[in-house]
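Below is one structure, written out as structure tokens, with a few remarks after it.
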Amino acid sequence: MTDKSDCDLSVVIGVMVVFALPLTLLLPGFSVWDVVPKVRISRLHIVSQDLTWPQLNAAIVFLLTLFFCLYLEIHKRKLDDMVEKVLSVSQATDSTMEVERERQAAAVRVCVDLLDASAEHYENLVLLRDELRKREKLKKQFPPTIESSSTL
């Protein structure tokens with residue numbers, strides 16, 4: 001199981017450097033170049049120009065801020081991609097749900113039609129039963145019979 005956190009070591013160090021470097025400008029006589037090991041450059045004349053320590057500190061702060069902004073932009077693009085994927089899945093789910101609603105509505109209509117037909121059949125059966133009862137009553141009613149009386 002990989003535990004991927006947003007606050008890994010490179011992010012923490014980058015944030016500390018980006019937010020700590022401007023604070024070094026407040027300290028008189030301190031320079032980042034005092035901490036960085038010295039390297040002698042003899043062939044690049046652009047570096048040998050006369051720059052003051054505050055200018056170099058400001059340039060370093062600017063570059064670090066620029067890199068941090070680029071880092072944030074990369075994360076923003078990743079998040080935008082994830083949001084886009086979630087939205088596409090949501091739209092696909094909505095369209096699937098709409099198809100399912102239509103299918104269920106059609107099934108409900110068929111059930112209602114079957115209930116109507118069965119109600120009609122039931123009414124017809126009740127009417128036929130009543131008709132049969134009337135006929136049976138008519139069959140049971142015989143005309144009065146005349147009995148012959150015998151005289152003895």
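Odds and ends about this structure:
- Pair list, Cβ < 6 Å and 6+ apart or interchain, from region 101-117 residues that are at pLDDT 95 or above to residues that are among the hydrophobic types (A, V, I, L, M, F, W, C) and part of a helix (DSSP H, G or I): none
Results for (1) modelled with pLDDT under 70; (2) under 22 Å from His75 (Cα atoms); (3) touching a Lys or Arg at 6+ places or on another chain (Cβ under 8 Å), shown as yes or no for each residue.
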| site | (1), (2), (3) |
| --- | --- |
| Leu21 | no, no, no |
| Leu25 | no, no, no |
| Phe30 | no, no, no |
| Val47 | yes, no, no |
| Asp50 | yes, no, no |
| Leu56 | no, no, no |
| Val61 | no, yes, no |
| Thr65 | no, yes, no |
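The values are calculated or read from the model by the stated rules, or taken from the named source; none is laboratory data. If you're wondering where the values come from, they're calculated on a predicted model, not measured in any experiment. Please note: Cβ atoms are built from the backbone with ideal geometry, for glycine as well, and neighbour counts cover all protein chains shown.
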